[in-house]
Amino acid sequence: MERTVPTKREAIAILDRGDRAVRQLVDALPPPARTLTGIGSGAWSPLDLVGHLESWERHALEALDAWGRGERAPLDRALELRGLNGLNADNVAAAAELKPAALLRRSKETHAVLVAAVRAIPADAWVRPPLTRGRPLALRVGSILGGPKGPYRHADAHLPSLHEFVAMRAR
C-alpha cells in the first residue's frame, strides 16, 4: 500500500526532529565516548552513526541533483554494485577518516543544505515522479531518508540504540 505523500513542511519537521535528537544525544556524551562502539549491533560508535546518517542525506541531495537533470540517482547504481550493507560500510569508513569536529560540522552543513533543497522544490514537482514514472518525488526522497516508521524517519530508526548507549555513558 502506497503511503500518503507528506508535505514539504512535514518532511522538514521530521528530518529536523531526528537530526536534533541525534545531535543532542551525541552532545550529551563526553568526547571520548563518541568514538566508542556499541550502537545497534555493536559495531558503530555514535560518530559512525552521525556519518551514516549524513551519508544518506548526501545520497538524497545527489538524487535530487540527478533527477533535476533527468538522470537516474547515483544511489541506485551504488546499491546495485555494493548492496545496502556494503554501501553503509563504505560510507561509515569514509566518515571515520574525518576528525570528529569536522564530521559533526559536515553533518550539520549537509542537513542544512538538504532542508534548503527540500524547501526549494516547487509544489507541483513535490507530488510528481522525479522522472517519467514511479512514485512522487516526495516519496522517493522520503525512501532514501526513511526508516521502518516511514519516509524521512531514518534517524528515528537509530534513536533507540543511541538512547541506550548514551544512558550508559553520558556525563
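The values are calculated or read from the model by the stated rules, or taken from the named source; none is laboratory data. Computed from a prediction, not measured in an experiment: that's the story for all the values here. FYI the Cβ positions are ideal-geometry reconstructions off the backbone, even for glycines, and counts take in every protein chain you see. To get the accessible areas, we keep the full protein, side chains included, count just its heavy atoms, and leave off ligands, DNA and RNA. Shrake-Rupley method; radii C 1.70, N 1.55, O 1.52, S 1.80 Å.
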In region 107-122, anything within 15 Å of T7 (Cβ to Cβ) and in contact (Cβ under 8 Å) with a residue 24 or more places away in the chain is listed as V115, V118, R119, I121
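From the set of residues in region 106-138 that are hydrophobic (A, V, I, L, M, F, W, C) and under 14 Å from A73 (Cα atoms), which is most open to solvent (accessible area, probe 1.4 Å)?
Once the filter is applied, the top-ranked residue is L131.
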Screening L25, L79, L61, L75 for residues that are surrounded by 14 or more Cβ atoms within 10 Å (Cβ to Cβ) and either closer than 21 Å to K149 by Cα or among the small types (G, A, S) (or both) leaves only L25
Exactly one of R82, R135, R153 is touching a residue at least 40 places away in the same chain (Cβ under 8 Å) and closer than 26 Å to G40 by Cα, and that residue is R153
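Picking from L103, L84, L49, which residue would you name as being over 22 Å from P6 (Cβ atoms), in a helix (DSSP H, G or I) and in contact with a strand residue (DSSP E or B) (Cβ under 6 Å, 6 or more places away or on another chain)?
None of the other options fit; the residue is L49.
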Inside region 124-148, the number of residues satisfying the requirement of being in a loop (DSSP other than H, G, I, E, B) and not basic (K, R) is 10
Contact list, first residue from region 26-51 and without any contact (Cβ under 8 Å) to a residue 12 or more places away in the chain, second anywhere and small (G, A, S), beta-carbon distance below 9 Å, six or more apart or interchain, is T37/A43; T37/S45; S41/S161; S45/A33; S45/G38; S45/A96
Does region 4-14 include one or more residues that are among the hydrophobic types (A, V, I, L, M, F, W, C), more than 26 Å from A78 (Cβ to Cβ) and in a loop (DSSP other than H, G, I, E, B)? no
